[in-house]
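Encoded as structure tokens, the structure appears first; notes follow it.
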Amino acid sequence: MTPWRRAAHGAVLGGVASGLAVRLGVRTSLVRMIWLVSVLLGGLGLVAYVAGWVFVPRRAESRCIAARVWAEPRERHASAVAAAVLVVLVLAVSGVTRPLSAGVLWPILPSALGALLVWRGASSAERERLAGSWSAPLVRVGRDRSWRATALRVGVGSAGVLVGLNVLAGARTSPTPLSNFLGGLVVTGAGLLVLFTPWWIQTVRELSEERLARSRAQARADVADHLHDSVLQMLALIQKAADDPAEVRRLARTTEHDLRAWLFEDQHAPRDSFAARVADLSREIEQDYAVRVELVTVGDAVLDAGLEAVLGATREAVINAAKWSGARDVHVYAEVSDEVSVFVRDRGRGFDPEAVDPQRRGLAFSIQERVARAGGRTSVRTRIGEGTEVEIVMKRAHP
Amino acid sequence: MKPRVFLVDDHELIRAGIRTELSDTVDVVGEADEVDAAIAMILERSPDVVLLDVHLPGGGGRAVIEGVRAHNETVAFLALSVSDAPEDVISLIRAGARGYVTKTIAASDLAEAVAAVAAGDVVFSPRLAGFVLDAFRDLPAGTSADPEFEALTPRERQVLRLIARGFSYRDVSVELGVAVKTVESHVSAVLRKLQLSNRHELSHWAHERRIL
């Protein structure tokens, strides 16, 4: 025969009854019925149930709750103290409400002790189930708006309130005024709870849903605003500029950058990041000239004077390429390691370094000058018809 | 013979655009706009190259690669995306894509990239080269248990740097004075390292950029 284990599934409270039914090979409902009768006939059933809960292990668990509590010195002491407090409390109450004490209070004491043990010693799986089984019916009842559920709730709730108020009203003239008063309060409170808890749960739920909906609407409005400001305006501009492919390309590219920056805003590096500043300047140049800047950065560093010089030189080199090369794409590669190197490359028309027009030489000179002053070097590789590449290298002050 | 190409993208406009751009150079044998349909049709038609969008309903481009490669190893994938995010790109490469290009790529470059992938080569855009350099950065060679997949050789780094600077494979071969085939074998080696490496630093890098 299988040992007696409390049921893990299909339990109403601790699974004692269904576990026993399995052990005896009878129907669970029969065991529960007998138990209910024994509770009504003087509370013995309640004590037996709690004892079963505490001393019979749950299915698939090796130790019972009492053993769990016993195994932990801290829990053992805490339970002993709590039990003492409980005994004193019950004795005090029964001293005040003498007539009740014999019939009602004696099963309550061991049951309360058992409940305490369950509270402290139940396994995490059982705790979880208990928490679920206590909150779930309330939520379910709150959601059930059928005629029958509502009628039942209102009926039971109002009956509780009426009975409770009645007991309260009669308390003064009864032989046991305090216990009647307390009992009346409890019953009235329970009635109110049954009447209003589902409604309250429902309200709380609706409130939080409404708040969620409102913040979603707010987010949607932000998106709409932004799309209107940037994308729709840009689309209008693009339609107007339809005859000018370069302009259309520039507008589309600008919108793309703008959208990207907006969508991935929080991923942006801080403002004093070299890589972020290179990205900024590429974007600005794309807006001002009809070129696409293909930017690749590897590594990053915090800006210092040397890197500022590199940035300035990079800007001029990219603008040079955008203005003079005639190429559609400008490649910028920036790598930060012990030194910073930037390559600005186009596959445009290139030039003869020996025979440049003065304006361009001026620009090239200003790039070289600026970087050299900060301790770096530049070089230009170009040939007519094969494009140009400017290289800027700078040792880092504090790598 | 034109390569047989299959398009996977959830935007009809993008598919139509690619179809038009490539109509002279490739044979488009089918298209799909979501993961499950894509896997089924690719397995049925076994194209030479699948042009694959990174973001797709039903699991993304990565799910398509994994679904197809479980049954068919010969289909090559070329990732095509508007996304510049390293996590998107690297995760597709690690799943088995043979290259990555952005949707803004010029039609002629796209055709070349498709032909290269169809021929078994690897397509490294400057951006992908930058991502890989970043991922393998600052790692001295031979510092870990499986050196073969742990670091890039100096030559591989050199090749990647040139690609990141905007050099085509041909430009790289001229610059280094080697054959184009040699350049291709270098980038293939890099791709393999990227796919096989389970290097700690790579996963750390990936994590920082919210990959995997």
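The values are calculated or read from the model by the stated rules, or taken from the named source; none is laboratory data. Note that the structure is predicted; figures quoted are calculated from it, not measured. Please note: Cβ atoms are built from the backbone with ideal geometry, for glycine as well, and neighbour counts cover all protein chains shown. SASA here: full protein model, heavy atoms, side chains in, ligands and nucleic acids out. Shrake-Rupley method; radii C 1.70, N 1.55, O 1.52, S 1.80 Å.
Worth a mention:
- Interface of A with B. Using a 1.4 Å probe and counting protein heavy atoms only, the two chains hide about 1700 Å² of accessible surface, both sides summed.
- Cβ-derived FRET efficiency at R0 56 Å, A:Asp222 paired with A:Val156, nearest 0.05: 0.70
- Largest to smallest accessible area among A:Phe351, A:Phe274 [probe 1.4 Å]: A:Phe351, A:Phe274
- Looking at the protein assembly as shown, the accessible area is 54 square angstrom per residue; that uses a 1.4 Å probe and ignores ligands, DNA and RNA.
- Fraction of alpha-carbon pairs over 33 Å apart in chain B - percent: 13
- Note on A:Glu210: accessible area approximately 100 square angstrom, rounded to 10, probe 1.4 Å, nucleic acids and ligands left out.
- All other residues whose Cβ lies under 12 angstrom from that of B:Glu31 are scored, Lys and Arg at +1 and Asp and Glu at -1, for a net of -3.
- Across the options A:Trp70, A:Ser111, B:Ala40, the greatest Cα extent toward the positive end of the charge dipole of the protein assembly as shown (unit charges at beta carbon of Lys, Arg, Asp, Glu) belongs to A:Ser111.
- Three-way shape call for the range A:204-319 based on the alpha-carbon gyration tensor, with the a/c threshold at 1.5: oblate
- The accessible area of A:Tyr49, taken with all protein chains in place and a 1.4 Å probe, comes to roughly 30 Å².
- Förster radius 30 Å - calculated FRET efficiency between A:Phe365 and A:Ala252 (Cβ-Cβ, nearest 0.05): 0.30
- Note on A:Ala190 and B:Ala37: their simple-model spin labels are 6.1 nm apart, each label 7 Å out from Cα toward Cβ.
- Rh (Kirkwood; distinct C-alpha pairs) - the range A:194-254, Å: 15.1
- Hits among lysines - C-alpha to C-alpha of B:Lys2 under 24 Å, sequence gap 8 or more where chains match: B:Lys103, B:Lys181
- Over all distinct Cα-Cα pairs of the range A:1-91, the Kirkwood formula returns a hydrodynamic radius of 14.5 Å.
- Full-stretch length increase - A:Ala8, A:Trp262 - with 0.36 nm per residue and alpha-carbon distance subtracted: 86.2 nm
- About its Cα centre, chain B has a charge dipole of approximately 580 debye under the convention of +1 per Lys or Arg Cβ and -1 per Asp or Glu Cβ, with nothing else charged.
- Histogram of C-alpha separations across the range B:1-106, 5 Å bin width, %: 2, 14, 27, 28, 19, 9, 1, 0
- Length available on full extension from B:Ala106 to B:His11: 0.36 nm per residue minus the Cα-Cα distance, which gives 32.3 nm.
- Heavy-atom accessible area ranking, 1.4 Å probe, most first, across A:Arg58, A:Arg220, A:Arg370, A:Arg377: A:Arg220, A:Arg377, A:Arg370, A:Arg58
- Degrees, to the nearest 10: B:180-196 long Cα axis against longest axis of chain B: 90
- Computed on protein heavy atoms with a 1.4 Å probe, the accessible areas place B:Leu51, B:Leu176, A:Leu162 in the order A:Leu162, B:Leu176, B:Leu51, largest first.
- Placing dummy labels 7 Å off each Cα toward the beta-carbon, the span from B:Asn72 to B:Arg45 is 1.0 nm.
- Rg over Rh for the range A:266-395 works out to 0.96, using Cα positions for both radii and the Kirkwood form for Rh.
- Dimensionless Rg/Rh of the protein assembly as shown - Kirkwood Rh, Rg from C-alpha atoms: 1.20
- Distance between the 7 Å Cα→Cβ label points at A:Arg63 and A:Ala236: 7.5 nm.
- Each Lys or Arg adds one and each Asp or Glu takes one away; over the other residues whose Cβ falls under 12 Å from the Cβ of A:Ala290, this sums to +1.
- Bins of 5 Å from zero: percent of alpha-carbon pairs in the range A:144-212: 4, 18, 18, 16, 13, 11, 8, 6, 3, 1, 1, 0
- Restricting the calculation to alpha carbons of the range B:62-139 gives Rg and Dmax of 12.7, 38 angstrom.
- Surface calculation, 1.4 Å probe, protein heavy atoms: A:Met234 sits at approximately 40 Å² accessible.
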